[in-house]
Amino acid sequence: MNNPLLNATAALVLVTLIGWLLVVGSSMLIPFVIALIVWYMIDTLARGLQALPLAGGRLSRRLSLPRWIALPLALVIIVSASVFFINMVTANVARLASDAPAYQARLEELAASLSHTVGLEKTIDFRELLPDDILSRFVSAAAAAVTTIAGSASLMFIYVLFLLIEQTTFDRKLAALFADRAQLDLATAMRSEIAGRVRHYVGIKTAVSITTGLVTSAILVAAGLPYPALFGFIAFLLNYIPTIGSLIAVIFPSLLALVFFDTLGPFVAIAIGLSIVQFTIGSLIEPRLMGTSLNISPLVIMLMLAFWGTVWGVTGMVLCVPLTVIIIIVCAQFPASRPIAVLLSADGNVGQPVVRHAAGERHTQEKS
């Protein structure tokens, strides 16, 4: 018998259990989820390498990079870039830690100058608001985060290797797992839909983030601010965090410019220049490239950002969009959970279930 109260209670218990598992198992789940995203990045890069012709003219279609070469090459490129950036960030954070006391003193000088300018009787003392070693502690926390990521890199690398090795067996496992043809079609169609949309998001987001990081570094080099590569990498990473990531990417180098230069001109130029870059790429270029493939409500993105940030910290904030896309795709396939997908979507149009769409295409092909 269908009891609405019993169903609601069971759903509440299930959601609570899943939330508890996400928190308790975060140390195991986060490296695996990151490995999944890296796997998608490698697969996307490999497909891009395969699309590059090795010969022009009539042979351009026949002579392209084979899959068995493109995939290891993409893996080498991603791993080499990761090792390079981890070493670069570690070295820059160590330099920033040694320079932090000088920046703290400069910040206090600016406070005294500002107090004198506005005519305050008592000089603004940041030590009353913030600890004396706030910059050193912040840098130490950043260094600890980099160390943690580097320590988890070996585990994530193992996960990625196993995913690459076993990806050719996924279809055979699905066929062996589901005896019913309808269930097999549903699982296969859902996997293809999730893979396509996540691959689309990861590919475009990574390309846009790389562009943002390079342009940020170029602006800071032109302005003469130290650690341009570090702030470029921070801009690249924070670009994965919707909305607030771009804001934070502007604040960090702007604050350093405020205490590094003797005048306000470079600070204003850097703040305005980086803001223009973030607005142009994030609000004009990226939406055109993404199109309507994500179909996520902006309000839902902010809510998911807060939820995953609470559950998994910064890592959850970076992964909130791909995870939300997966939730929408899965929920849209079943009548009981379809209203959830509609509420999470931007326009309420989540399409027909992918397996029904695939079945319709097969029926059309058979008739023709």
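The values are calculated or read from the model by the stated rules, or taken from the named source; none is laboratory data. Keep in mind the model is a prediction, meaning the values are calculated, not measured. Counting neighbours? That spans all protein chains shown, and the Cβs are built from the backbone with ideal geometry, glycine included. In case anyone asks, the SASA skips ligands and DNA or RNA and just uses the protein heavy atoms, side chains included. Shrake-Rupley method; radii C 1.70, N 1.55, O 1.52, S 1.80 Å.
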| field | All positions within region 299-314 that are at pLDDT below 85 and under 19 Å from Val208 (Cα atoms) | value | none
| open to solvent by 30 Å² or more (accessible area, probe 1.4 Å), under 27 Å from Ser217 (Cβ atoms) and within 15 Å of the chain's Cα centre (by Cα): does that describe Ser275? | no
| task | Evaluate the following for Ser254: is it farther than 21 Å from Tyr103 by Cβ, free of Cβ contacts under 8 Å to residues at least 40 places away in the same chain, assigned to a helix (DSSP H, G or I) and open to solvent by less than 40 Å² (accessible area, probe 1.4 Å)? | result | no
| task | Could you check Trp68 against (1) surrounded by 10 or more Cβ atoms within 10 Å (Cβ to Cβ); (2) at pLDDT 75 or above and say which number it fails? | result | (1)
| field | Residue among Ala336, Ala269, Ala306 that alone is assigned to a helix (DSSP H, G or I), farther than 29 Å from Leu220 by Cα and small (Gly, Ala, Ser) | value | Ala306
